[in-house]
Amino acid sequence: MSPSSNGAAVTPVTRQQCLDLYYYMRLNRAVEDQMMKLFRQNKIVGGLYSSLGQEAISVGTAYALEKRDWMAPMIRNIGALLVKGVKPRDIFTQHMAKYTSPTQGKDGTSHFGDLKNLHIVSPISMLGDLIPVMTGVAMAGRYLGQGIVTMTWIGDGGSSTGAFHEGLNLAATQRAPFVLILENNQWAYSTPVSRQVPVRDLAERGRAYGITSVTVDGNDAIAVFEASRAAVAQCRAGNGPVLIEAKTMRMKGHAQHDPAEYVPKAMREYWEARDPITRFEKYLDANKLWDAKAKQEIEARIAALVKEDLEFAENSPMPPAELAEQGVYCEGCHTIEAEWHRSKAEVTPPKSSIEAGWHVKDFGGIEAPLNSGNGASEPPAANTVQQYAGKAVHESVGRAVQKSSGRPVQQSSSPKKIAAVPERRPFGRGPKGKRGGGR
Amino acid sequence: MAPVTMLEAIRQAIFEEMDRDPAVVAIGEDIGVYGGAFKVTEGLLERYGNERVIETPISETAIVGAACGMSYLGLRPIVEMQFIDFIACCFNQVTNFVAKGHYLWGAPAPMVIRGPSGGGVHGGPFHSANPEMYFAHTPGLKIVYPSTPYDAKGLLKSAVRDNNPVLFFEHKFLYRRIKEELPAEEYTVPLGKAVTRREGRDITILSYAAMMHTSLEAAAELAKDGIEAEVIDLRTLMPLDKDAILASVKKTNKLLIVHEDTRTGGIAGEIASLVCENAFEDLDGPIARVTSLDTPVPYAPTLEEHFLPNVAKVAAAARELARY
């Protein structure tokens, strides 16, 4: 069940963790059930996008994050928002365009974030853009010594965008502490995944960028959580990024307006029999992790919370019209200050100064073993943040290779350093007095 | 202090800001070992190391996206577009992600996207663009386009310290053609403030970047005919210094706008509307404009020279306007 891709011993999932996972999955579904009612009552201003059947992914992945970690949800990741600490009222008011919503009515759905407290970055509707953004958050977190991991989600459909590929490649070259959850829910709006991507497992896309990539049963909350926990640990240890493909099924249309009649009946039935919440209840029963009383308590807790937050949302006002004019620029309303968890001296001259020059592994030659890496400079060899901090990216030791018979050959058993790159002479038109007078 | 080029002034601004604040980092293609296509970042990697000078794959969307993510943690990334033309590759990331974050969910993105722009160097249709108006049309971005070394340095320093995303256009024709002595002491130039480059009473010429110099040359020509043109350098297109524009129009009563950007949808049209809305009765003639043609930037010198505004075109338009 658990991939434990980094070979680490797997810690068992505790009873409390199981009950938490169940609670958040149920809360996720209860919040969305309630929003469906609001939609039918015409109280949702825009669209409503269901995550029915995908709750185990939102919850199981986000549950692997710590408070200090950062995430950026996609539109169906209501469960991830709840796990990270967002209240149902925020989700209700957001959809109802209320003044009390996190965006004060300026945007809807899950398009909101919280930089200061919950560490959530808001998505936009264009798919894939969060991947480079969360890569950047991960790089900044490492730079500041915060030891954070970042996570975002993408669908099977979104995995064909340019931003997905540019972002994942940048994350890979940077070895960013970044976990990408690829929710393969079989449908990009009305187009099946087989018509979008000519590979069976979308985790292949991560492997193509040289990063750890696993496929899990996205309707198995424990499997999702264990894979995510391993991925987060691997990233925190400096060996990111990691891609997790979670196979699942979008059980509703693209949004409420879409009856999804293009979905084959047998396919729907196949996945209905694999509903993640029903499955997890059976798991809890079979392993005697709860009893009827525990279940009732969870249900009562959720019902009370949803009721209270629904009342709050329904009683909230719409935003005043003049608000439309405000907030295009930050005009002193935010104080921007990086949170340093390491000494600034480490990234300030003279300590930050290095000798600039490339050391090209194997010189890119064809004799080199074909699977010996990307042939370019080593990306940051970061086992820990500290180690990364003190290490020059541009330093890596080349390997001598024997030349014989034109076939790929074994590496020499006695690697030797290639000669130091001679000091680069400035381009003729460059500024005078570089590295000295001019500066 | 010896006079320095605009390129060196920009370089100094980057070094000084990175010295001042370790939250300032640089990210872009070939900006480290090579020092950038135009050598603006030469020496940066040696001084600040590879954690602060981040060389990337050729992925403009990933670069801008990552810089935006960094800014959410309080860093202040300076992004280099190798040529500003390539900003088209990350249009979505800039206009939908970076620009809208503060308005929608209160997420300021303090970052600068800078790069060489503009024509006149026979760079051809993909290395000569002036794409500033795509972005001036996007609420949430600030647009800076300096014309002198002093301004370039001072404005870039202000841009780095601004809490908003700033697009900083560096006209490559000016990189090494003009020199200026810079103050030894620290200084900044505020965003959103135009400056009067030449006082005059007969006609106002509004311009920015390379065309500011063309306009000044034209003004010198006009002076020989007794036409005293006031030349105003916008410096920042967004926010636009409306007060400075209107004050000069009220003084000279005639307005000529000169820009290297193509004609339709250029800032001249916007300024013409602004003046009509606010100073119509102060006008003694039609608002005139000299711009590039509504075509891509052509490659051959004969074609590009025909495409671009020049001193003769500006002077002719000004003389005609002065006759009203």
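The values are calculated or read from the model by the stated rules, or taken from the named source; none is laboratory data. Note that this is a predicted model, so its numbers are computed, not measured. Backbone-built Cβ (ideal geometry, glycine too); neighbour counts: all protein chains shown.
I'd like the full set of residues that are assigned to a loop (DSSP other than H, G, I, E, B) and facing another protein chain (nearest Cβ under 9 Å), limited to region B:1-16.
Of region B:1-16, the ones assigned to a loop (DSSP other than H, G, I, E, B) are B:1-3.
Of everything in region B:1-16, just one residue is assigned to a loop (DSSP other than H, G, I, E, B) and facing another protein chain (nearest Cβ under 9 Å), namely B:ALA2.
When B:ALA184, B:ALA194 are checked against the criterion of being buried (at least 20 other Cβ atoms within 10 Å of the Cβ) and of a type in the set (A, V, I, L, M), B:ALA194 stands alone in meeting it.
With respect to the conditions (1) part of a loop (DSSP other than H, G, I, E, B); (2) in contact with a Leu (Cβ under 6 Å, 6 or more places away or on another chain); (3) within 13 Å of chain A (Cβ to nearest Cβ), B:VAL189 lacks only one, and its number is (3).
Got at least one residue in region B:294-306 being crowded, with 19+ Cβ neighbours inside 10 Å, in contact with a strand residue (DSSP E or B) (Cβ under 7 Å, 6 or more places away or on another chain) and of a type in the set (D, E, K, R)? Scanning region B:294-306, I find no residue that is crowded, with 19+ Cβ neighbours inside 10 Å, in contact with a strand residue (DSSP E or B) (Cβ under 7 Å, 6 or more places away or on another chain) and of a type in the set (D, E, K, R), so the answer is no. Of the residues making up region A:316-341, those that are under 30 Å from A:GLY141 (Cα atoms), without any contact (Cβ under 8 Å) to a residue 24 or more places away in the chain and of a type in the set (Asp, Glu) number 2.
Looking at region A:173-187, is at least one residue part of a helix (DSSP H, G or I) and either closer than 20 Å to B:ALA67 by Cα or within 13 Å of chain B (Cβ to nearest Cβ) (or both)?
Looking only at region A:173-187, we keep the residues that are part of a helix (DSSP H, G or I), and these are A:173-174.
Pick out the ones that are also either closer than 20 Å to B:ALA67 by Cα or within 13 Å of chain B (Cβ to nearest Cβ) (or both) and you get A:173-174.
The answer is yes, given that some residue of region A:173-187 is part of a helix (DSSP H, G or I) and either closer than 20 Å to B:ALA67 by Cα or within 13 Å of chain B (Cβ to nearest Cβ) (or both).
Would you mention how many residues in region A:322-350 are out of contact with any Cys (no Cβ under 9 Å at 6 or more places or on another chain) and facing chain B (nearest Cβ under 7 Å)? Residues meeting the conditions: 11.
Out of A:GLY105, A:GLY79, I need the residue that is in a helix (DSSP H, G or I), under 27 Å from A:ASP309 (Cα atoms) and modelled with pLDDT of 95 or more. Which one?
On inspection, the qualifying residue turns out to be A:GLY79.
Considering only residues in region A:96-124 that are aliphatic (A, V, I, L, M) and at the interface with another protein chain (Cβ under 10 Å from one of its Cβ atoms), the one that is farthest from A:LEU38 (Cα to Cα) turns out to be A:LEU115.
Considering only region A:184-207, I want to know if a residue exists there that is in contact (Cβ under 8 Å) with a residue 24 or more places away in the chain, farther than 13 Å from A:ILE244 by Cα and of a type in the set (Asp, Glu). No, the conditions are met nowhere in region A:184-207.
Taking residues in region A:259-273 that are within 15 Å of A:ALA188 (Cα to Cα), and partners anywhere that are in a loop (DSSP other than H, G, I, E, B), the pairs with Cβ atoms closer than 8 Å and at least 6 places apart or on different chains are A:PRO259/A:GLY253; A:ALA260/A:SER190; A:ALA260/A:ARG250; A:ALA260/A:LYS252; A:ALA260/A:GLY253; A:ALA260/A:HIS254; A:TYR262/A:SER190. The set of residues in region B:112-158 being over 16 Å from the mean Cα position of the chain (by Cα) and without any contact (Cβ under 8 Å) to a residue 60 or more places away in the chain consists of B:VAL121, B:PHE126, B:PRO139, B:GLY140. Mind checking whether some residue in region A:138-159 is of a type in the set (Ser, Thr, Tyr), crowded, with 24+ Cβ neighbours inside 10 Å and touching a Gly at 6+ places or on another chain (Cβ under 6 Å)? Within region A:138-159, not a single residue is of a type in the set (Ser, Thr, Tyr), crowded, with 24+ Cβ neighbours inside 10 Å and touching a Gly at 6+ places or on another chain (Cβ under 6 Å). Looking at this structure, is A:LEU52 over 21 Å from the mean Cα position of the chain (by Cα), hydrophobic (A, V, I, L, M, F, W, C) and surrounded by fewer than 24 Cβ atoms within 10 Å (Cβ to Cβ)? So A:LEU52 does not fit the description; no. Just for region B:34-47: of the residues that are under 17 Å from B:GLY115 (Cα atoms) and either part of a helix (DSSP H, G or I) or of a type in the set (S, T, N, Q) (or both), which one is nearest to the other protein chains (Cβ to nearest Cβ)? Checked region B:34-47; the qualifying residue nearest to the other protein chains (Cβ to nearest Cβ) is B:LEU44. Would you be able to say whether some residue in region B:223-242 is buried (at least 17 other Cβ atoms within 10 Å of the Cβ), assigned to a helix (DSSP H, G or I) and not assigned by TED's automatic domain parsing to the domain that holds B:ALA152? Looking for residues that are buried (at least 17 other Cβ atoms within 10 Å of the Cβ), assigned to a helix (DSSP H, G or I) and not assigned by TED's automatic domain parsing to the domain that holds B:ALA152, one finds none in region B:223-242, hence no. Among the conditions (1) under 19 Å from A:ALA233 (Cβ atoms); (2) more than 9 Å from chain B (Cβ to nearest Cβ), A:GLY157 misses just one, which is (1). Say we look at region B:17-33 and pick out the residues that are more than 8 Å from chain A (Cβ to nearest Cβ) and either in a loop (DSSP other than H, G, I, E, B) or among the hydrophobic types (A, V, I, L, M, F, W, C) (or both); which of these is farthest from B:GLY74 (Cα to Cα)? My answer is B:ASP30.
Residue-level check: of (1) within 14 Å of chain B (Cβ to nearest Cβ); (2) surrounded by fewer than 17 Cβ atoms within 10 Å (Cβ to Cβ), A:GLU281 misses just (1). Only one entry in A:ALA72, A:ALA97, A:ALA62 is over 28 Å from A:LYS282 (Cα atoms), of a type in the set (A, V, I, L, M) and crowded, with 21+ Cβ neighbours inside 10 Å, namely A:ALA72. Once region B:48-68 is narrowed to residues that are within 15 Å of A:GLU166 (Cα to Cα) and more than 7 Å from chain A (Cβ to nearest Cβ), the residue that is surrounded by the most Cβ atoms within 10 Å (Cβ to Cβ) is B:VAL64.
Among the residues of region B:68-111, those identified as part of a strand (DSSP E or B) and either acidic (Asp, Glu) or free of Cβ contacts under 8 Å to residues at least 60 places away in the same chain (or both) are B:PRO77, B:VAL79, B:GLU80.
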